[in-house]
Amino acid sequence: MGMIWQFISSKIEQNIDVYLITVAETQGSSPGKVGFKMAVAADGSLYGSIGGGVMEFNLVEMARKNLAEGYKQNFLKRQVHSHDAAEDKSGMICSGEQTQIFSLFSKADSEVLAKVIELESENRLGKIVLSTSGAEVYEGESHISIKGIEFQKSDSSFRYSEPLGVKETVYIFGAGHISVPLSQILGLLDFRVELFDNRQGLSTFEGNVWAHKKQIVDYKQVSHLLPGNDRSYVVIMTFGHKFDEIVLKQLIGKPLKYIGMIGSKSKVKTIFESLIAEGYGKENVERVCSPIGLPIGGQTPAEIAVSIAAQIVEWRNKR
C-alpha cells in the first residue's frame, strides 16, 4: 500500500486536495477488506481500490463532490450490501457491509505524509492514525499494537490506527533473469523486496529498479540478513545448486512464512536427501516449496516469476 502515500503526497504538493477512503470495518461477505484504501484527488485522478463495483463508484463520486464543493470534514460512511437495506444501500447484493473513513489530505499534511513514506520505505516501525481531527503518525515499536489495525467509533468521532513498517518482505537470493520480473510483480502485490547475490557487476542486479534493497553478500553468511517471522518469505535461486543448498541450510530452521527453492525434481531430491541425512528435520525440509512456483507451465523468466509470485500469494493467504 506504500505507493498510495506517494500518490497523495505528490498531489498535495501541487495544492491538490485528496480524500483517502479507507475500509475500517466489515461484516459478513464484503468485497472490501479492512485496510483497503483508495485515494481520490480533486483533479479527478484515482489510486487504489476499496472493493470495486457500484459501491466504489458511488463513494468515489461522493469524494469528488465534496472536494469540488470545498467540504473539509473527515467522516465515516457505512455501506450495506443488500437490496433490503433501509439506508446506506451500496448497490451490491453480497449481504455484508463495510464502513469507510473519508480522510481529507491537503498541503498542511505534508510532514505527516513524508514521515509515513519514510517509515514505509525503510521498513521502520510506527503507525498512522486517522481520526475525526485528521492524520497523525508515530514512530517506534512501542506504538505497534499486537492487534494490528484498531478502530473505535462513537456517534461523534472515530479513531483508526494501522501499523507501518511491518510490510511482508520477500528475500530473494540470486539476482538472475527471473529476479527482475519477480521483483516487479511482488511490488505490485504490496510486498517489500530485498535482493541478494554474491556476484559483482551483474547486469540483472545493477538494473533491477524494483527491489527495495540490494546487497552483495557471502552466501555462507546469510542467516543474519532476515528475521524469522510470519512476515518473511524466501526465494532461493542462486547461480548453482551448491549455493542454493548453502543458503537453504542456514534458513531452513527459521520460522518463515514461506521458503521456496528453484530447481529440477532430481536436483531437489538430491538436496533434500542430503539435508535429512545430515540431521535437518524432515518436517522443515518438507515445507520447502521446491521445485518452486505453481505448475502453470512457465518457460520464460516472466512466466516463471508469475508462478513463483502466485505461490507466495497462496501461502500469504493461508493465515
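Of the residues ALA302, ALA309, which single one is in a helix (DSSP H, G or I), open to solvent by 40 Å² or more (accessible area, probe 1.4 Å) and touching a helix residue (DSSP H, G or I) at 6+ places or on another chain (Cβ under 7 Å)?
The unique qualifying residue is ALA302.
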#### Entry: Near pairs, Cβ below 7 angstrom, 6+ apart or cross-chain, from segment 276-299 (among the polar types (S, T, N, Q)) to any residue that is crowded, with 16+ Cβ neighbours inside 10 Å
ASN284/ILE252; SER290/GLY260; SER290/MET261; SER290/GLY263; SER290/VAL268
### Task
Considering only segment 121-178, state which residues are modelled with pLDDT of 95 or more and within 25 Å of GLY228 (Cβ to Cβ).
VAL170, TYR171, ILE172, PHE173, GLY174, ALA175, ILE178
### Task
Just give me the residues in segment 21-35 being open to solvent by less than 40 Å² (accessible area, probe 1.4 Å), of a type in the set (S, T, N, Q) and modelled with pLDDT under 90, in sequence order.
SER30
### Summary
Out of (1) of a type outside the set (Lys, Arg); (2) open to solvent by 10 Å² or more (accessible area, probe 1.4 Å); (3) in contact (Cβ under 8 Å) with a residue 24 or more places away in the chain, the one GLU118 does not meet is (3)
### Query
In segment 130-162, what count of residues is obtained for those that are open to solvent by less than 70 Å² (accessible area, probe 1.4 Å) and under 19 Å from LYS37 (Cα atoms)?
14
### Query
Which of the residues belonging to segment 179-211 are out of contact with any His (no Cβ under 9 Å at 6 or more places or on another chain), part of a helix (DSSP H, G or I) and closer than 24 Å to VAL23 by Cα?
LEU186, LEU188
### Message
Restricting to segment 288-299, and then to whatever is open to solvent by 30 Å² or more (accessible area, probe 1.4 Å) and under 26 Å from the mean Cα position of the chain (by Cα), can you tell me which residue is modelled with the highest pLDDT?
### Response
LEU294
### Query
Do the conditions hold for LYS127, that is, is it touching a Phe, Trp or Tyr at 6+ places or on another chain (Cβ under 7 Å), closer than 23 Å to ALA39 by Cα and of a type in the set (Lys, Arg)?
yes
#### Entry: Close pairs from segment 131-151: first under 13 Å from ASN74 (Cα atoms), partner acidic (Asp, Glu) and surrounded by 11 or more Cβ atoms within 10 Å (Cβ to Cβ), Cβ under 9 Å, at least 6 apart
GLY134/ASP109; ALA135/ASP109
### Hits in segment 131-144 (condition: under 20 Å from GLU118 (Cα atoms) and in a loop (DSSP other than H, G, I, E, B))
GLY140, ILE144
### Task
Within segment 36-75, count every residue that is open to solvent by less than 70 Å² (accessible area, probe 1.4 Å), closer than 20 Å to ASN15 by Cα and of a type in the set (Ser, Thr, Tyr).
1
### Task
May I ask you to list the residues in segment 1-52 that are polar (S, T, N, Q) and within 22 Å of PHE151 (Cβ to Cβ)?
THR22, THR26, GLN27, SER29, SER30, SER49
#### Entry: Per-region count, segment 221-247, residues out of contact with any Ser or Thr (no Cβ under 8 Å at 6 or more places or on another chain) and of a type in the set (Asp, Glu)
1
### Tally, over segment 163-178, of residues that are touching a helix residue (DSSP H, G or I) at 6+ places or on another chain (Cβ under 6 Å) and either part of a strand (DSSP E or B) or surrounded by 19 or more Cβ atoms within 10 Å (Cβ to Cβ) (or both)
7
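The values are calculated or read from the model by the stated rules, or taken from the named source; none is laboratory data. Small disclaimer: the values here were computed from a predicted structure and weren't measured. Glycine also receives a Cβ, built like all others from the backbone with ideal geometry; neighbour counts cover every protein chain displayed. These area figures cover heavy atoms from the full protein model, side chains too; ligands, DNA and RNA do not enter into them. Shrake-Rupley method; radii C 1.70, N 1.55, O 1.52, S 1.80 Å.
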